[in-house]
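J.: The structure is given below, and queries will be raised subsequently.
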Amino acid sequence: MRRHSPNAAACCGLIRLFSQTTALMSLPLLLLPMQALAQEAPQEEPLLLPAIVLQAIPFTGEIDGYLAPGTETGVKSGVPLEEVPQSISVVTSTEMERRAPVQVEDAIKYTVGVNASTWGTDDRFDQFSIRGFDLGSGALYRDGLPQKVLGFTAFSSHPYMLERVDVLRGPAGVLYGSNDAGGMVNLVTKRPVFERKAEARLGYGSHGTAELGFDYGNVLDANNTLAGRITGLWRDGATEIDNSEDDRAFLAGGLTWAPSDYTSLTLLAHVQKDARSPNNFFPIAGEDYDTAWGTLPDDFAYRASPYNDFQTEQRSVGLELTHQFSPDLILNSRMRYADQDTDYHHLYRDGASAAGISYTAFRQDESAKTFGADLNLEWRRAFGAAENSLTVGMDYQHSRVDADQYYQFAAYTISFADPVFDFPVTDPALSGRSRTTYTEKGIYLQNHLKLGQGTTITAGLRRSWLENRAEDLLAGTQSRRKDAATTGMIGLTHALGNGLTPYINYSQGFIQNAGITIDGDPLDPSRNKQLEAGLRYLAPSGDLMLSAAVFDLRKTNVEDYYFDEAGNIDYVHSTQVGEIRSRGIELEARGRLTGELQGVLGYTFLDSEITESADPAKLGKDNVMSPRNQVSVWLDWDAARFVPGLTVGGGVRYQSESYSTQYNGRVTPSHTTADLAIRYERDQYALDLGVTNLFDREYYGVCYDGVGCASGEGRKINLTLSSNF
């Protein structure tokens, strides 16, 4: 049975203003009061007219409701969602506030096409797959710049420091360079606003988890040219796993300086310290061990060694600049530097025999640094009834990971008769010291042509240069690989005038794999391409969108784990297979359904297959983390007519069975979970009750061939009191 802590059950800001000169950069500008003089009359004072608000589509900032009007993620010049010729969903600030996710994977779990928490309860990274491709943190971006996993460094972000999350499905090679086939997730950081914002929150929940947070911003000078914002969160807690930690503390700040209508500069920085717990696989009787060897207690799935620990400290600082040289020419630039130190300990199972369950002792000390920059010029021009936006840019990313690894296979064995972890674990001897360096440079262009009669054509082209260097610092050897890639995309949308907008898209991408072969060489890049067609319907109210998409997505030269001759998995080295094909249908409704009901509904049908492989045992098999059917529904009901200030939200997610390796040797069973959120507001206060896995459904988040299963997260209850002051 699942165990719980005894106290488990305890417990329209102004949208950012934009002038025409800075809409592309999506940075908030000043509300410029405009003063007009009345016609002169003897001995009469001039007449002061009210301020005129210039507002463009908001690509950052708070959004009132579940539907964002536009995005920069799919088209860098920024367009309404219906003009993006590719599937895209936006998790708004309203949705995140209502569901109160504690990880990014929780924030996107109700998004169509997304399979969240693909590795069960694993707090090291944000794990998810999109359209049948297990992406994990390798698909994460923040503010349009890469925030990908490097070794065991994930540069994870808490949803409380975010304004929105954009999920672009399918290849994105033209705009973002090296990126996996399924798509990418762009996290948009909270920014300063030119108005006062002040919130404090206090929460308590399951497993003795306490949380304190605040978010404050305001104008900082009398001329309304400088605004600041600071956001912080402190959490001390645990999970249902023994000896676990779920601690996080971060402080994020920003300054925006807008000295004129034509220039805006934003500084963003943050520091963060985490103490989390790694995943916990356990063997299943009759599948991973012979029942004649013994039986394990029911709560063994929640037992873990005190040695298990995942400690990180990270820092980042970035700049964003937009400047309008003329009404037709706009410069956009952004850059960010980040680093993280990771101290990771893990005692994980590696096998079972009549003698007991065998465990490997593993430790990794890691230091990672990354720098990313993107500079582009947008040229806008009207040609008769047509409006054209051409974006030409260049980007750069560089990362380095230094790692000391300590590894001892089959270091400890626990018996079936006494399966406890109350023994001391010492660090193994140093087994490896490595340095991995990755550099990517690219030039790109994207043109968005808006013709008359509702037709838009979006096309793009990119050339990238990649260099991956792997160094064995103990052996004094190194290998280096250089690659180049050209990718393109073209798409068309056509508004029929009745709210319906069909679209078609062909896009390409590539990914420079981070792993190494058994010979120590860097892996070759993987290629991907997609043909997609879809239909969107935007309701006359503008706050409900229905979307449907069909796609054929293919990836070649795919990375996979390496298995030795005995069939044991090698987590250090990788191999590459031929081609994976993923076809599917996605249906989504997002926004306000009635005057009192809003939310998001999604259905995904997925048919994935390994169509080419050097290993005949993989041909015709499903790709990993690719459930055939997924259904998700989250609804918010405004119950104010019964109880003023009351909102009730709830959601259900269903996921059919899937596989965790390309050999399809082990099924991860299907499961259904439900969530609940109740909010009561009065004056400046709000009380939120959130429950995930409402019915405490026991399920496996993942079952891996020859390794075992990891449980999905059990019921968690959290009560939060917040106040605007």
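The values are calculated or read from the model by the stated rules, or taken from the named source; none is laboratory data. What you see is a predicted model; the values in this text were computed from it and never measured. Virtual Cβ from ideal backbone geometry, glycine too; neighbours counted across all protein chains shown.
A quick yes/no check of all residues on (1) modelled with pLDDT under 95; (2) surrounded by fewer than 19 Cβ atoms within 10 Å (Cβ to Cβ):
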position	(1), (2)
635	no, yes
643	no, yes
663	yes, yes
674	no, yes
687	no, yes
704	yes, no
708	yes, no
720	no, no
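J.: Are any residues in segment 467-482 in contact with a Lys or Arg (Cβ under 7 Å, 6 or more places away or on another chain) and of a type in the set (A, V, I, L, M), and if so, which ones?
T.: 473, 474 - these are the residues of segment 467-482 that are in contact with a Lys or Arg (Cβ under 7 Å, 6 or more places away or on another chain) and of a type in the set (A, V, I, L, M).
J.: Also: What is the number of the single condition among (1) part of a strand (DSSP E or B); (2) farther than 24 Å from residue 267 by Cα; (3) among the acidic types (Asp, Glu) that residue 163 does not meet?
T.: (2)
J.: Of the residues that sit in segment 143-166 and are β-branched (Val, Ile, Thr) and over 10 Å from the mean Cα position of the chain (by Cα), which one is surrounded by the fewest Cβ atoms within 10 Å (Cβ to Cβ)? Quick ask: steps written out before the conclusion?
T.: Initially, segment 143-166 is screened for residues β-branched (Val, Ile, Thr), giving 149, 153, 165.
If we keep only those that are over 10 Å from the mean Cα position of the chain (by Cα) too, we end up with 149, 153.
Details: 149: 22, 153: 28.
So, considering only residues that are β-branched (Val, Ile, Thr) and over 10 Å from the mean Cα position of the chain (by Cα), the one surrounded by the fewest Cβ atoms within 10 Å (Cβ to Cβ) is 149.
J.: Among residues belonging to segment 214-231 that are among the small types (Gly, Ala, Ser) and surrounded by fewer than 19 Cβ atoms within 10 Å (Cβ to Cβ), point out the one that is farthest from the chain's Cα centre (by Cα). Break it down stepwise before answering.
T.: Just the residues of segment 214-231 that are among the small types (Gly, Ala, Ser), to begin with: 217, 222, 227-228.
Those still in the list that are surrounded by fewer than 19 Cβ atoms within 10 Å (Cβ to Cβ) too: 222, 228.
On the way: 222: 38, 228: 25 Å.
Applying the filter and picking the extreme gives 222.
J.: Every residue in segment 446-458 that is surrounded by fewer than 17 Cβ atoms within 10 Å (Cβ to Cβ) and assigned to a strand (DSSP E or B), please.
T.: Keep residues of segment 446-458 that are surrounded by fewer than 17 Cβ atoms within 10 Å (Cβ to Cβ), which gives 449, 451-455.
Within segment 446-458, 449, 455 meet the criteria.
J.: What number of residues within segment 684-724 are touching a helix residue (DSSP H, G or I) at 6+ places or on another chain (Cβ under 7 Å) and closer than 30 Å to residue 560 by Cα?
T.: 1
J.: Something else about it: I'm trying to understand the selection: among the residues of segment 512-528, which are buried (at least 20 other Cβ atoms within 10 Å of the Cβ) and among the aliphatic types (A, V, I, L, M)?
T.: 514, 516, 523
J.: Would you check which residues across segment 339-371 are over 18 Å from residue 301 (Cβ atoms), surrounded by fewer than 21 Cβ atoms within 10 Å (Cβ to Cβ) and not small (Gly, Ala, Ser) and list them?
T.: Within segment 339-371, 339, 341, 343, 345, 360, 364, 365, 366, 369, 371 qualify.
J.: Specify which of the listed residues (553, 587) is among the aliphatic types (A, V, I, L, M), within 24 Å of residue 91 (Cα to Cα) and surrounded by fewer than 19 Cβ atoms within 10 Å (Cβ to Cβ).
T.: Working: 553 fails: surrounded by fewer than 19 Cβ atoms within 10 Å (Cβ to Cβ).
Residue meeting the stated conditions: 587.
J.: Could you list, in sequence order, the residues of segment 237-296 that are under 30 Å from residue 421 (Cβ atoms), β-branched (Val, Ile, Thr) and over 24 Å from the mean Cα position of the chain (by Cα)? Break it down stepwise before answering.
T.: Pass one, segment 237-296, residues under 30 Å from residue 421 (Cβ atoms): 237-249, 272-296.
If we keep only those that are β-branched (Val, Ile, Thr) as well, we get 239, 241, 284, 291, 295.
Once the filter is applied, which keeps residues that are under 30 Å from residue 421 (Cβ atoms), β-branched (Val, Ile, Thr) and over 24 Å from the mean Cα position of the chain (by Cα), segment 237-296 yields 241, 284, 291, 295.
J.: Still on this model: Kindly indicate the residue of segment 379-401 that is exposed (fewer than 15 other Cβ atoms within 10 Å of the Cβ) and part of a strand (DSSP E or B) and also modelled with the lowest pLDDT among those meeting that condition. Step through it out loud before you land on a result.
T.: Initially, segment 379-401 is screened for residues exposed (fewer than 15 other Cβ atoms within 10 Å of the Cβ), giving 381-386, 392, 394.
Those left that are additionally part of a strand (DSSP E or B): 381-383, 386, 392, 394.
Values: 381: 94, 382: 92, 383: 88, 386: 93, 392: 98, 394: 98.
For segment 379-401, the residue satisfying everything is 383.
J.: Follow-up. Quick check on my filter: what residues within segment 68-88 are within 18 Å of residue 499 (Cα to Cα) and either surrounded by 24 or more Cβ atoms within 10 Å (Cβ to Cβ) or acidic (Asp, Glu) (or both)?
T.: In the first step, residues of segment 68-88 are kept if they are within 18 Å of residue 499 (Cα to Cα); the result is 68-70, 79-88.
Answer for segment 68-88, where residues must be within 18 Å of residue 499 (Cα to Cα) and either surrounded by 24 or more Cβ atoms within 10 Å (Cβ to Cβ) or acidic (Asp, Glu) (or both): 68, 82, 83, 84, 85, 86, 87.
J.: Just one of 373, 361, 386 is under 18 Å from residue 309 (Cα atoms), hydrophobic (A, V, I, L, M, F, W, C) and in contact with a Leu (Cβ under 8 Å, 6 or more places away or on another chain); which is it?
T.: From the options 373, 361, 386, the qualifying one is 361.
J.: Still on this model: Could you please find all residues in segment 143-160 being assigned to a loop (DSSP other than H, G, I, E, B) and among the hydroxyl-bearing types (Ser, Thr, Tyr)?
T.: Step one: filter segment 143-160 for residues assigned to a loop (DSSP other than H, G, I, E, B), giving 143-144, 147-149, 151-152, 154-158.
Answer for segment 143-160, where residues must be assigned to a loop (DSSP other than H, G, I, E, B) and among the hydroxyl-bearing types (Ser, Thr, Tyr): 156, 157.
J.: Going by what's in this entry, would residue 693 be described as under 22 Å from residue 110 (Cα atoms) and either touching a Cys at 6+ places or on another chain (Cβ under 7 Å) or among the β-branched types (Val, Ile, Thr) (or both)? Give the steps one after another, and end with the answer.
T.: Working: under 22 Å from residue 110 (Cα atoms): yes; either touching a Cys at 6+ places or on another chain (Cβ under 7 Å) or among the β-branched types (Val, Ile, Thr) (or both): no.
No.
J.: Return the pairs, sorted by first residue and then second, in which the second residue is of a type in the set (S, T, N, Q) and surrounded by fewer than 21 Cβ atoms within 10 Å (Cβ to Cβ), the first residue lies in segment 291-312 and is in a loop (DSSP other than H, G, I, E, B), the beta carbons are less than 6 Å apart, and the residues are 6+ apart or on different chains.
T.: Close Cβ pairs (under 6 Å, with a partner that is of a type in the set (S, T, N, Q) and surrounded by fewer than 21 Cβ atoms within 10 Å (Cβ to Cβ)) amount to 304/243; 306/243.
Yes/no per residue for (1) surrounded by 24 or more Cβ atoms within 10 Å (Cβ to Cβ); (2) hydroxyl-bearing (Ser, Thr, Tyr); (3) not in a strand (DSSP E or B):
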site: 98; (1), (2), (3): no, no, yes
site: 129; (1), (2), (3): yes, yes, no
site: 141; (1), (2), (3): no, yes, no
site: 168; (1), (2), (3): yes, no, no
site: 181; (1), (2), (3): yes, no, yes
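J.: In the list 247, 288, which residue meets the criterion of being within 29 Å of residue 716 (Cβ to Cβ) and buried (at least 19 other Cβ atoms within 10 Å of the Cβ)?
T.: On the way: 247 fails: buried (at least 19 other Cβ atoms within 10 Å of the Cβ).
Just one listed residue meets the conditions, 288.
J.: Continuing with this model, one more query. So residue 94 clears everything in (1) out of contact with any Pro (no Cβ under 6 Å at 6 or more places or on another chain); (2) closer than 30 Å to residue 404 by Cα except one condition, right? Which one?
T.: It fails just one condition, (2).
J.: Here are the criteria: (1) of a type in the set (A, V, I, L, M, F, W, C); (2) over 17 Å from residue 189 (Cα atoms); (3) at pLDDT below 95; (4) out of contact with any helix residue (DSSP H, G or I) (no Cβ under 7 Å at 6 or more places or on another chain). Tell me which single one residue 112 does not satisfy.
T.: (3) is the only condition that residue 112 fails.
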